Amino acid sequence: MALTLVCALFASACDLNKYQLGGERQDADLGDADDGDGGGGVDAETDAPVDASVDACLAIAERCDEMDNDCDGMTDEDFDTQSDPRHCGGCGRACNQPNTAGTCAGGTCSFTCLPGWVDRDNDPTNGCDYFCTPTNGGVESCDLADNDCDSLIDEGLELETDVLNCGTCGNECRALHATPTCENSTCGFGACDDGFADIVPAIAGCEYACPVFPTRAETCDNLDEDCDGQVDEGTLAGVGDACNPSGFGDEGACENGMTVCSFGVIACQGWVGPSSETCNDVDDDCDMTIDDGFDKQNDPRYCGGCTPCNLANAVEGCALGACTVAACLPGFVDEDGDPSNGCEYQCTPTGPEVCDGVDNDCDRDIDAADSDLIIPSNFCRQAGTCMGTAPTCGTDGCGGPITWQCAYGGATEDSCNDLPLQEQLCDGLDGDCDTRIDEAYPTLGDDCNDGGVGACRAFGALACNAAQDGITCVTPTPPTPQPETCNNIDDNCNGTVDEGAPDDLIHVVNGATDFYMYAYEASRPGATATDFGTAEHRSCSKPGVMPWRNVTYTQAVAACAAAGRRLCTEAEWQLGCEGAAGLQYPYGDDYDPDACNGRDNDPDCTGPDDDHVVATGTRHGCPAPAVSQCISPYGAFDLSGNLREWTSTPIGASAFRVRGGAFDNVAQGLTCDLSFIALEPTFAFANLGFRCCSNTP
């Protein structure tokens, strides 16, 4: 059949024997052959007529394709295009939109949404597009659900004013002894119920039950009559009046009090009544006479007032209200004649003034201080350095009495004012009057030290010892060991310089990046604000000192390692400069010529200076600000300007990245992200330094 159909469709290309269609080929007797029916011609049993024309219809089962497939003269007669949902209104027009059950009537599709689906946009061409099952009978309620499946939740509800759902579903407004309200989605309440008041704002409603209702003006009765949570407050009748139960008013020591409301009762408070009279310049008994009964003119117990006379070393008297000296106690003298200080001088007269350490004539001048002293003739030795020695009134220094002595040039070799034959003591004196001092000790005064270690070594000079029989090295009090600092000094006095000395660091944390960096450009140990220093056994991070410049990469790596750190990488250096915000300069995105020490800066206020390195972390600009502005978001100073800085990031096979710009760079060379400079590890220059980093503090 397939071959026949092809030929029927393409007749011009086929050349078939019409007697071969449909069965075996039979030989045809077109003349004389007899097939048993008595005649010639076509055999009726084997050669039935066949329509073998080129337009013959070859029957197949009918299909819905607007063709007569079964060759019965009708088209698509087996298909119902009026009610079949597979061919509704025409072949192949299926009623099968998404998430629907389709039906066909009158050649038109109808759709019903499948359970759980809704046609939200009422467009049948895209089926049921919203997955939703109606709840609450399809009526919207305040339950945070789309009850009517219109893709809106809790629409049409008055959450701003609904006291049952105020601001949100289920938030019911409640109030004690008052009507709850909901305004602007916030619970509140209206007027208080009769007999209640709102005293505590933190409690919603009127929680306070009035003890008196209806309310009235407050009186002193220990009741809250005005229902404000307070008892007996405000202005009360009978309160605040002057009072004094003693019967006296404001007279002498007596004072009126004032009526107050105390626990519901009016009482007098703060009053003072009369008392027995005492000498105190006050009218204690309130009889309008002060200190009556006390003689202040003649009695030394109350002389001129209520304080008794108290004169030193004297018997006191009183005259016309002033204290007097009636007599001095034995051994005392009223030498100045002033009664106010009594008998002020302890002395007993014994005669004229002599050299004995006693004020013999009681005139307050003793021995040589008294112009009345009797002086003997000169009996002292007159030779050498003792020439001109005259007798002096004093002691001989050996426990003897005060008397006339010869002090020979201060010589005290035997401490008794006697000259020795040969000087022996080391005492800074010419003890033998030979014009030489301590000549037995020729090294006296030479430089020396106490033999200490490091900063604890003290320097001084050889001097006489305490026993005055030899010499010793006298130094200032030696310093005590201190914690080690990076200063080229053995601060802890252990024989090693700057070991473990701390550095000023910043902590840089950005995401997973976490490291520590010198807060200042590296400096040599011992560097100062004006001196670069010479020590190179390690690097330091300190403010206010000259940074380490003219340094090679190799030297910088070794200096960081000796400090227990490493040279910063290029990435660490840039993050420490620009911070997490990626600033153009450490202080911001806009260039400020006075912030850091670049070519535009005038750090010494004397004009441009292309070779002016400044101390680490110091102020810049003219006039200089109070605090350096050249500081990064993490707290590092001078990452822009002053000195360029080596990093440990290699560039190619024989160079390392240099970052930061220097004092001789313009604005473009002072940014945090300038990264095209790389130098060989042996390079050193006056504008090149470094700083160190580490993974731990």
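The values are calculated or read from the model by the stated rules, or taken from the named source; none is laboratory data. In this text the structure is predicted, and so the values were computed from the model without any measurement. Positions of Cβ are backbone-derived with ideal geometry, glycine not excepted, and every protein chain shown enters the neighbour counts.
Structure notes:
- Residues satisfying the stated conditions in region 237-290, i.e. among the acidic types (Asp, Glu) and touching a Gly at 6+ places or on another chain (Cβ under 9 Å): 255, 277, 281, 283, 284, 285, 287
- Of all residues in region 552-566, none satisfies being closer than 17 Å to residue 638 by Cα and in the same structural domain as residue 632 (by TED's automatic domain parsing).
- The set of residues from region 102-136 being outside any loop (DSSP other than H, G, I, E, B) and surrounded by 14 or more Cβ atoms within 10 Å (Cβ to Cβ) comprises 102, 103, 104, 109, 110, 111, 113, 117, 118, 124, 130.
- Assessment of region 108-123 against the conditions (over 26 Å from residue 138 (Cβ atoms) and either basic (Lys, Arg) or in contact (Cβ under 8 Å) with a residue 12 or more places away in the chain (or both)) yields at least one matching residue.
- Within region 625-644, tally of residues that are crowded, with 16+ Cβ neighbours inside 10 Å and modelled with pLDDT under 90: 2
- On the stretch given as region 158-179, residues that are farther than 15 Å from residue 190 by Cα and either touching a His at 6+ places or on another chain (Cβ under 8 Å) or not aliphatic (A, V, I, L, M) (or both) total 10.
- Pair list, Cβ < 8 Å and 6+ apart or interchain, from region 675-686 residues that are over 14 Å from residue 652 (Cα atoms) and assigned by TED's automatic domain parsing to the domain that holds residue 548 to residues that are part of a loop (DSSP other than H, G, I, E, B) and of a type outside the set (D, E, K, R): 682/552; 683/552; 684/550; 684/551; 684/552; 685/550; 686/550; 686/613
- Test result for residue 477, of a type in the set (Val, Ile, Thr), outside any loop (DSSP other than H, G, I, E, B) and surrounded by fewer than 16 Cβ atoms within 10 Å (Cβ to Cβ): no
- Filtered residues of region 610-621 (kept if at pLDDT 70 or above and either basic (Lys, Arg) or over 23 Å from the mean Cα position of the chain (by Cα) (or both)): 612, 613, 614, 615, 616, 618, 619, 620
- Take the conditions (1) under 30 Å from residue 220 (Cβ atoms); (2) in contact with a strand residue (DSSP E or B) (Cβ under 8 Å, 6 or more places away or on another chain); residue 250 misses just one of them, which is (2).
- Tally, over region 269-308, of residues that are among the acidic types (Asp, Glu) and within 60 Å of the chain's Cα centre (by Cα): 0
- Residue list for region 571-597, filter: polar (S, T, N, Q) and not in a loop (DSSP other than H, G, I, E, B): 574
- In summary, residue 59 fulfils each of the numbered conditions (1) at pLDDT 85 or above; (2) surrounded by 15 or more Cβ atoms within 10 Å (Cβ to Cβ) with the single exception of condition (2).
- Checking residue 75 against (1) modelled with pLDDT of 85 or more; (2) closer than 30 Å to residue 148 by Cα; (3) of a type outside the set (Lys, Arg), the condition it does not meet: (2)
- So residue 524, is it out of contact with any Pro (no Cβ under 7 Å at 6 or more places or on another chain) and not acidic (Asp, Glu): yes
- Residues that are crowded, with 17+ Cβ neighbours inside 10 Å and in a loop (DSSP other than H, G, I, E, B), drawn from region 174-187: 175, 177
- Among the residues of region 229-266, those that are under 25 Å from residue 208 (Cα atoms) and not polar (S, T, N, Q) comprise 229, 231, 232, 233, 234, 236, 261, 263, 264, 265.
- Of residues in region 532-564 being aromatic (Phe, Trp, Tyr) and assigned to a loop (DSSP other than H, G, I, E, B), the one surrounded by the most Cβ atoms within 10 Å (Cβ to Cβ): 548
- Test for residue 82: is it under 25 Å from residue 125 (Cα atoms), modelled with pLDDT under 85 and part of a loop (DSSP other than H, G, I, E, B): no
- Top-ranked residue of region 138-149 - restricted to ones that are of a type outside the set (S, T, N, Q) and modelled with pLDDT of 80 or more, ranked as farthest from residue 181 (Cα to Cα): 149
So that you can scan it fast, the table gives a plain yes or no per residue for (1) under 30 Å from residue 271 (Cβ atoms); (2) charged (D, E, K, R); (3) touching a strand residue (DSSP E or B) at 6+ places or on another chain (Cβ under 6 Å):
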{"residue": "191", "(1), (2), (3)": "no, no, no"}
{"residue": "205", "(1), (2), (3)": "no, no, yes"}
{"residue": "218", "(1), (2), (3)": "yes, yes, no"}
{"residue": "242", "(1), (2), (3)": "yes, no, no"}
{"residue": "257", "(1), (2), (3)": "yes, no, yes"}
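- In region 205-217 there is at least one residue that is of a type in the set (Val, Ile, Thr) and surrounded by fewer than 17 Cβ atoms within 10 Å (Cβ to Cβ).
- Condition met for residue 466 (surrounded by fewer than 14 Cβ atoms within 10 Å (Cβ to Cβ), under 30 Å from residue 397 (Cβ atoms) and either modelled with pLDDT of 90 or more or out of contact with any Asp or Glu (no Cβ under 7 Å at 6 or more places or on another chain) (or both)): yes
- Subset of region 224-281 (residues that are among the aromatic types (Phe, Trp, Tyr) and modelled with pLDDT of 85 or more): 263, 271
- Within region 656-697, restricting attention to residues that are in a helix (DSSP H, G or I) and out of contact with any Phe, Trp or Tyr (no Cβ under 8 Å at 6 or more places or on another chain), the residue that is surrounded by the fewest Cβ atoms within 10 Å (Cβ to Cβ) is 668.
- Residue count for region 499-531, restricted to those that are in contact with a strand residue (DSSP E or B) (Cβ under 8 Å, 6 or more places away or on another chain) and assigned to a loop (DSSP other than H, G, I, E, B): 10
- Tally, over region 188-203, of residues that are surrounded by 17 or more Cβ atoms within 10 Å (Cβ to Cβ) and part of a loop (DSSP other than H, G, I, E, B): 1
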